[in-house]
Structures are given as C-alpha cells and as structure tokens.
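Structure record follows, encoded as structure tokens.
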Amino acid sequence: MGFIIDCHNSAHHDTGQFHADPHLPAMQKALGITPFQASLIITSYALIAIIFIPIAGYLSDRYSRKAVMLTGLLLVSAAGAWAGFAALWAENSYRTILLARLVQGLGSAGCFPVVLPLVGDLFKKDEEVSKGLGLVETANTFGKVLSPMIGSALALWTWYIPFFAIPVVSLLSFFYGFVFA
C-alpha cells in the first residue's frame, strides 16, 4: 500500500506544485523568459499527462499495473534530473527544461490512472478497499498541502533545486515499489 501512496504522490505532486509561484520571477530572470513562458514550464507537464493518461490506463489494464507505474516513475525521475542539469549547464535551457517537463508529464501519466485500480486489486473486501482509497486520498491531500511549501523552501536556495528533488522522491518510490510491491 505504501508503494501506491508514494507513486501517486511522486507523480501527482510534480505537476508543478514543487514549482510554486513564489520563485517564478527568479526563474524568469535566470532564463530570460516571459511570464507566459514560465507558466508553460508548469502547465506543459499537465498537458502531456492529460493526453497520455488514457493510454497508460489501457496499458496497465492489459499488461501490468506495476510495470506501468515503475516505468512512469523512472521517466519522472530522469526528466526531473534532466531539467535540473539543463538549468545548470544548457545554453538554451528554457527549451530543454520545457522538453524535460513534457517527458515528466508522460511519466506521470503512467502513475495517475493506475493508483486507484491497484487499490481495488490489492484488497478484496469492500471495507479494505474503502480504507485503502481513503488512505490514498488522505496522502494525496497531505501532498497537495506540503508540496508547494517544500518546493518554495527548496527554491529559496536557488530556483532550480525543486527539479532535483523530484528524482529523489520518484526514485525512492521506484525502489520501494520494485522491492515490495
């Protein structure tokens, strides 16, 4: 059950909540971009996820929920590191960060549609399913509250640090799921 919660939160809270509004001006200044371009870094993730969630859901039903979730977590993690290193080293880092965010959205699409059905797969009694779903949604709400605060706190160091936090959380979820799920 912990893997499901971790996976859900890793994917869900990368949707831009780590990239909270307070540090967008610093990002704009560092990258030399407009407010609209900064907003694309946040929303590009969700756009690609919306497109690929139905496909990932189909693949998880047809093949393996665990395989789809683990693949998604690896993509989220790799793309987060890619965005972070692009911010450090790439000459035209805006485009690279934007592309990395699209890949992150693709990875998160592998987690979103799988979480709730997986709870149903793990538990057979209605009461257990209800408790499991309640736990997942409680963790989801907890993550929604904490993610902007954590992202903003990390960004106080420098604006691109939240990109590096995403791989850490996603890889922890990946290894937990690989070993225990």
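The values are calculated or read from the model by the stated rules, or taken from the named source; none is laboratory data. All values derive from a computational prediction rather than experimental measurement. No Cβ is skipped: glycine too gets one built from the backbone with ideal geometry, and neighbour counts run over all protein chains shown.
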**OP:** Please enumerate the residues belonging to the stretch 90-128 that are in contact with a Lys or Arg (Cβ under 8 Å, 6 or more places away or on another chain) and either modelled with pLDDT of 95 or more or basic (Lys, Arg) (or both).
**Re:** none
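I want to confirm something. Restricting to the stretch 84-93 and keeping residues that are free of Cβ contacts under 8 Å to residues at least 24 places away in the same chain and assigned to a helix (DSSP H, G or I), which single residue is farthest from the chain's Cα centre (by Cα)?
In the first step, residues of the stretch 84-93 are kept if they are free of Cβ contacts under 8 Å to residues at least 24 places away in the same chain; the result is 85-86, 89-92.
Next cut, assigned to a helix (DSSP H, G or I) only: 85-86, 89.
Details: PHE85: 17, ALA86: 18, TRP89: 23 Å.
Here the residue is TRP89.
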Original post:
How many residues are assigned to a helix (DSSP H, G or I) and farther than 12 Å from TRP82 by Cβ if we restrict to the stretch 96-142?
Top reply: 32
Original post:
From the residues in the stretch 171-181 that are among the hydrophobic types (A, V, I, L, M, F, W, C) and part of a helix (DSSP H, G or I), which one is nearest to VAL119 (Cα to Cα)?
Top reply: PHE180
Original post:
For PHE142, are the conditions met, namely being in contact with a helix residue (DSSP H, G or I) (Cβ under 9 Å, 6 or more places away or on another chain) and modelled with pLDDT of 90 or more?
Top reply: no
Subject >> Failed item, numbered, when ALA81 is tested on (1) free of Cβ contacts under 8 Å to residues at least 40 places away in the same chain; (2) surrounded by 15 or more Cβ atoms within 10 Å (Cβ to Cβ) >> reply: (1)
Subject >> Selection within the stretch 133-162 - over 30 Å from HIS23 (Cβ atoms) and either more than 21 Å from the chain's Cα centre (by Cα) or exposed (fewer than 14 other Cβ atoms within 10 Å of the Cβ) (or both) >> reply: GLY134
Original post:
Can you name the number of the only condition in (1) hydrophobic (A, V, I, L, M, F, W, C); (2) in contact with a His (Cβ under 6 Å, 6 or more places away or on another chain); (3) in a helix (DSSP H, G or I) that VAL168 fails?
Top reply: (2)
**OP:** Considering only the stretch 66-91, state which residues are in contact with a Ser or Thr (Cβ under 7 Å, 6 or more places away or on another chain) and of a type in the set (Val, Ile, Thr).
**Re:** VAL68, VAL76
**OP:** Considering only the stretch 40-77, state which residues are in a helix (DSSP H, G or I), of a type outside the set (A, V, I, L, M, F, W, C) and free of Cβ contacts under 8 Å to residues at least 12 places away in the same chain.
**Re:** TYR58, ARG62
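Looking only at the stretch 102-121, decide whether some residue is without any contact (Cβ under 8 Å) to a residue 24 or more places away in the chain and touching a helix residue (DSSP H, G or I) at 6+ places or on another chain (Cβ under 7 Å). Full working, then the answer.
Here is the first cut: in the stretch 102-121, the ones without any contact (Cβ under 8 Å) to a residue 24 or more places away in the chain are 116, 120.
If we keep only those that are touching a helix residue (DSSP H, G or I) at 6+ places or on another chain (Cβ under 7 Å) too, we end up with 116, 120.
Among the residues of the stretch 102-121, at least one is without any contact (Cβ under 8 Å) to a residue 24 or more places away in the chain and touching a helix residue (DSSP H, G or I) at 6+ places or on another chain (Cβ under 7 Å), which makes the answer yes.
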Subject >> Extreme residue, modelled with the highest pLDDT, among residues of the stretch 44-56 that are crowded, with 19+ Cβ neighbours inside 10 Å and not aliphatic (A, V, I, L, M) >> reply: PHE52
Original post:
Scanning for something modelled with pLDDT of 90 or more and assigned to a helix (DSSP H, G or I), does the stretch 146-161 turn up at least one residue?
Top reply: yes
